[in-house]
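The values are calculated or read from the model by the stated rules, or taken from the named source; none is laboratory data. Since the model is a prediction, treat every value here as computed from it, not as a measurement. Here the Cβ positions follow ideal geometry from the backbone for every residue, glycine too, while neighbour counts run over all protein chains shown.
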Amino acid sequence: MTVRQNIAIFLPSVVLSFITNHSTKMAQALENVMWQAEFKLYLYPEDPDAPVENAGLKSTLADCKFIGPLIEKNRYQAGEQFLSLLCFMGCSPNIELEPQNDRPYCYIEIPESSAEKRFIAGRNTRKLQCPGCKQTVNNAKALINDAIENKVDFFECPECNQRIDLETINWRKSAFIAKSWIAVGNIYEAEAIPDDKLLGQLELATGNPWKFAYIREEPTAS
Ligand SMILES: [Zn+2]
């Protein structure tokens, strides 16, 4: 076999494996586009210790048509009343409600309640200023996670030892602590606000007032 024939046999298999790898990566990337929304609107009960019964929550949201068909485990397509229960700011919101293969769209995720409280924060979470010394608490996220893990509801400022109670912190809709929540994927900060009707339904279903926050998720390692 000549050198030229060798190259002719070798090249197509390289090209083929490149194409195969490339299309697998493309498919994975599309799956990520569908499900890994960077910007999310979260709804959560005001009382972080309040137990939430997920089945009841799901049936309430289905009854008021906020959620539509189940697409995948705990993930739902927007229901018929989605746009009347979430008030979009601006005159023509650029959102997709139908599942898309190649671009982000709004979906609703209702994860199982977590046994322990969790601090949900993101890249947009406001800096925390100590009420005592007025310094920025640089490692606030770690201090709060440690406090939750140790089942205490406060931590001390590393600069001045001022006690900071978790429930007194005003994150201005950029973080929260809860055991249960609902996330709406692909909603930018302040792009949409839950209507009182929706918050009322959630309160009725759980016996607790609900609040909301906008989280820009931390980049995930890939
Ligand atoms: Zn301080």
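Okay, residues lined up against (1) at pLDDT 95 or above; (2) surrounded by 14 or more Cβ atoms within 10 Å (Cβ to Cβ); (3) of a type in the set (S, T, Y):
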site: S92; (1), (2), (3): no, no, yes
site: I95; (1), (2), (3): no, yes, no
site: E98; (1), (2), (3): no, no, no
site: I120; (1), (2), (3): yes, yes, no
site: L128; (1), (2), (3): yes, yes, no
site: K151; (1), (2), (3): yes, no, no
site: C157; (1), (2), (3): yes, yes, no
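Residues in the range 159-205 that are aliphatic (A, V, I, L, M) and within 16 Å of the ligand (Cβ to nearest atom) were compared, and the one that is surrounded by the most Cβ atoms within 10 Å (Cβ to Cβ) is I164.
Collect the residues in the range 158-168 that are of a type in the set (D, E) and assigned to a helix (DSSP H, G or I), keeping them in residue-number order. Don't jump to the end; show me each part of the working.
Of all residues in the range 158-168, those of a type in the set (D, E) come to 159, 165, 167.
E167 - this is the single residue of the range 158-168 that is of a type in the set (D, E) and assigned to a helix (DSSP H, G or I).
Restricting to the range 108-141, count the residues that are out of contact with any Ser or Thr (no Cβ under 9 Å at 6 or more places or on another chain) and small (G, A, S). It would help to see each step written out before you state the result.
Residues of the range 108-141 that are out of contact with any Ser or Thr (no Cβ under 9 Å at 6 or more places or on another chain), as a first pass: 108-109, 115-120, 123, 132-139.
Retained after the next criterion (residues that are small (G, A, S)): 115, 132.
Here the count works out to 2.
Looking at N94, is it more than 16 Å from the ligand (Cβ to nearest atom) and without any contact (Cβ under 8 Å) to a residue 60 or more places away in the chain? The answer is yes for N94.
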